[in-house]
Every structure is written in C-alpha cells, then in structure tokens.
1. Tell me which residues, restricted to region 1-44, are near ligand 1 (Cβ under 8 Å from one of its atoms), in contact with a Ser or Thr (Cβ under 9 Å, 6 or more places away or on another chain) and either closer than 15 Å to CYS141 by Cβ or in a strand (DSSP E or B) (or both).
2. Cβ-Cβ distance below 8 Å, separation of 6 or more or different chains: which pairs start in region 16-43 with a residue that is free of Cβ contacts under 8 Å to residues at least 60 places away in the same chain and end on one that is of a type in the set (Asp, Glu) and open to solvent by 50 Å² or more (accessible area, probe 1.4 Å)?
3. Is it the case, given these coordinates, that VAL54 is within 13 Å of ligand 1 (Cβ to nearest atom) and in contact with a strand residue (DSSP E or B) (Cβ under 6 Å, 6 or more places away or on another chain)?
4. Out of THR96, THR101, I need the residue that is open to solvent by less than 60 Å² (accessible area, probe 1.4 Å) and without any contact (Cβ under 8 Å) to a residue 40 or more places away in the chain. Which one?
5. Got a sec? Which of PRO161, PRO125, PRO129 is buried (at least 17 other Cβ atoms within 10 Å of the Cβ) and touching a Gly at 6+ places or on another chain (Cβ under 9 Å)?
6. Restricting to helices (runs of 4 or more DSSP H) lying wholly in region 81-174: which have 2 or more residues that are within 16 Å of ligand 1 (Cβ to nearest atom) and at pLDDT below 95?
7. Filter region 62-80 down to the residues that are within 16 Å of ligand 1 (Cβ to nearest atom) and more than 28 Å from SER171 (Cα to Cα) and list them by number.
8. Could you run through region 22-41 and say how many residues are of a type outside the set (Ser, Thr, Tyr) and surrounded by fewer than 16 Cβ atoms within 10 Å (Cβ to Cβ)?
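The values are calculated or read from the model by the stated rules, or taken from the named source; none is laboratory data. Here the structure is a predicted model, which is why all the values come from computation and not from measurement. Positions of Cβ are generated from backbone atoms using ideal geometry, with glycine treated the same way; all protein chains shown enter the neighbour counts. SASA here: full protein model, heavy atoms, side chains in, ligands and nucleic acids out. Shrake-Rupley method; radii C 1.70, N 1.55, O 1.52, S 1.80 Å.
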Amino acid sequence: MADKTFFIDTTRCTACRGCQIACKEWNQNPATTTKNRGSFQNPEDLSFLTYKLVRFSEVVSGGELRWYFFADQCRHCIEPPCKDIAESLGYKKAITKDAATGAVLFNQKVKVKPKDFEEIKESCPYNIPRYDAKQMAIAKCTMCIDRVSNGLLPACVKVCPTGTMNFGDRSQMLALADKRLKELKAEYPKAQLLNAEDVRTIFLVIDDSEKYYQYAKADGPVGVTRVAAMKKLIRPLVSIVGLKA
Ligand code: SF4
Ligand code: SF4
C-alpha cells in the first residue's frame with residue numbers, strides 16, 4: 001500500500017459537519033454536552049471523544065465579511081514530533097507510525113503520566129493530542145486505519161458531499177492540491193497549501209492561515225524537536241549516574 005495523504009480543500013466546505021459526525025460514528029465516540037457560545041462551532045474544541053472538528057471563523061477580508069471553515073484534525077506529520085517526544089520520555093509504543101500508510105497512531109493501552117502528556121501535546125504544532133486523566137490515555141484522529149487498511153476511505157472523506165475532503169496516494173493528493181492551488185491563485189493571491197511538505201493532511205486556504213485558526217499552520221519545519229533530541233542524548237548519561245530525567 002502506498003503512502004497516504006488527506007487533501008482538504010477549505011474553499012469547497014459548507015460546514016455541514018457530516019465529516020465530524022461520521023468520525024464520531026465510526027470511532028463509536030459518544031456526543032458530548034455543549035452550550036451555546038454564540039458560534040455555530042460545536043463542540044467548542046477537539047477532545048478525547050472528538051477527533052474531527054469543523055472550526056468556524058468570521059473575518060473581514062478585502063473589505064468583505066467572510067466565513068472561513070476549517071475541518072481540523074491530526075496532520076499525520078511525516079516526522080511526527082509527538083512520537084519523537086513520547087519516545088524520548090520512555091514511551092516506546094505509545095505513538096507509532098504505520099509503515100504502509102504513514103498514519104500516526106496513538107496506542108490507548110499505554111498509560112501516559114499527565115505531565116508527560118503535557119510535553120507530548122506541547123510538541124504538536126497543531127494542538128491536536130487530547131488526554132483522559134482517568135484512563136491515562138491519549139487520543140486523536142486514527143486516519144481510520146481499520147477502514148483504510150481494508151481498502152475503504154476514511155469515514156470523514158466518504159461522507160463529505162462537496163469534495164472538500166479528499167484522500168489517496170500521496171503523489172495523487174499532492175498533484176490535486178497543486179492543481180487546485182493554481183486555479184485559485186488568480187482570484188485569491190494569498191491562496192496557499194499549509195505545510196504540504198511536512199504533513200499527510202494538507203489544507204488549502206485562500207487567506208492568511210491565522211484567520212482560519214491559530215494552529216492552522218506550523219511556524220517552521222515540522223520534525224524532530226530540539227527538546228526531544230536533547231533528551232535522547234542526555235538520557236543514557238543520566239541513567240549511568242543514576243539520576244531521573
Ligand atoms: S463533510 Fe465536507 S463540506 Fe461538510 S463540514 Fe465536513 S469537510 Fe465541510
Ligand atoms: S499533528 Fe500533532 S498529533 Fe498529529 S502527528 Fe503531527 S504532531 Fe502528532
């Protein structure tokens with residue numbers, strides 16, 4: 001099976017939230033209690049039980065009022081910093097990368113201490129991982145690995161009625177994303193693909209990324225973190241002298 005990638009064309013999204021519901025259904029994650037916060041974004045944020053969330057943002061751009069929708073989820077980073085940090089903290093099997101698809105997977109059977117989870121979360125440039133203190137487990141989008149490894153589309157892609165959610169071999173998705181970007185550039189000079197080289201969930205937006213969502217785009221290259229690299233280096237020395245990292 002070839003390396004897989006999502007391509008999310010936000011210009012086609014109508015915020016129907018079919019993807020969000022399909023994700024809940026397939027993962028058997030129950031609905032959560034919410035309240036009216038003056039926005040159609042519901043629930044307020046990703047959680048241990050919500051892996052996919054359509055974010056709503058009202059902005060004034062070019063003198064007009066626009067509504068930007070951002071179907072947020074894990075980017076399945078090519079060099080995932082969350083995995084790197086988890087390993088540096090001694091959790092060898094908490095986060096793995098599927099060899100066939102490239103999906104980044106969290107193993108909920110591995111118990112993670114709260115303070116270690118905070119480090120893992122901080123390493124994610126997209127603010128994705130979520131935690132359940134009772135189970136000491138972390139959760140996020142699984143790329144519907146059980147569906148994909150059986151030749152099916154991820155549930156969110158399967159139900160999307162507008163062509164916003166796309167999924168397939170990485171080379172095909174990159175070609176589709178480039179084609180769509182070229183089509184939009186003339187009308188929207190700020191159109192861009194977000195961190196396309198570094199992630200397996202590529203978003204296409206037509207404006208500054210922060211107008212969609214604070215964590216829509218990583219500031220720099222996504223990969224091995226300095227902290228994780230240091231910990232890997234220091235850990236053997238620390239164990240020799242019998243101290244705790
Ligand atoms: S199903 Fe498609 S159109 Fe509907 S909210 Fe999700 S990405 Fe947007
Ligand atoms: S987006 Fe965050 S949680 Fe997902 S693979 Fe990248 S670093 Fe890990």
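1. Correct list: ILE8, CYS19, GLN20.
2. These pairs meet every condition: THR34/GLU44; ARG37/GLU44.
3. On the way: within 13 Å of ligand 1 (Cβ to nearest atom): yes; in contact with a strand residue (DSSP E or B) (Cβ under 6 Å, 6 or more places away or on another chain): yes.
Answer is yes for this residue.
4. Working: THR101 fails: without any contact (Cβ under 8 Å) to a residue 40 or more places away in the chain.
Answer to the check: THR96.
5. Details: PRO161 fails: buried (at least 17 other Cβ atoms within 10 Å of the Cβ); PRO129 fails: touching a Gly at 6+ places or on another chain (Cβ under 9 Å).
Exactly one of PRO161, PRO125, PRO129 is buried (at least 17 other Cβ atoms within 10 Å of the Cβ) and touching a Gly at 6+ places or on another chain (Cβ under 9 Å), namely PRO125.
6. Numbers: elements: 81-88, 114-123, 145-148, 155-159.
Here the list is empty.
7. ARG66, TRP67
8. Step one: of region 22-41, the residues of a type outside the set (Ser, Thr, Tyr) are 22-31, 35-38, 40-41.
Those still in the list that are surrounded by fewer than 16 Cβ atoms within 10 Å (Cβ to Cβ) too: 25, 28, 30-31, 35-38, 40.
Final tally of qualifying residues: 9.
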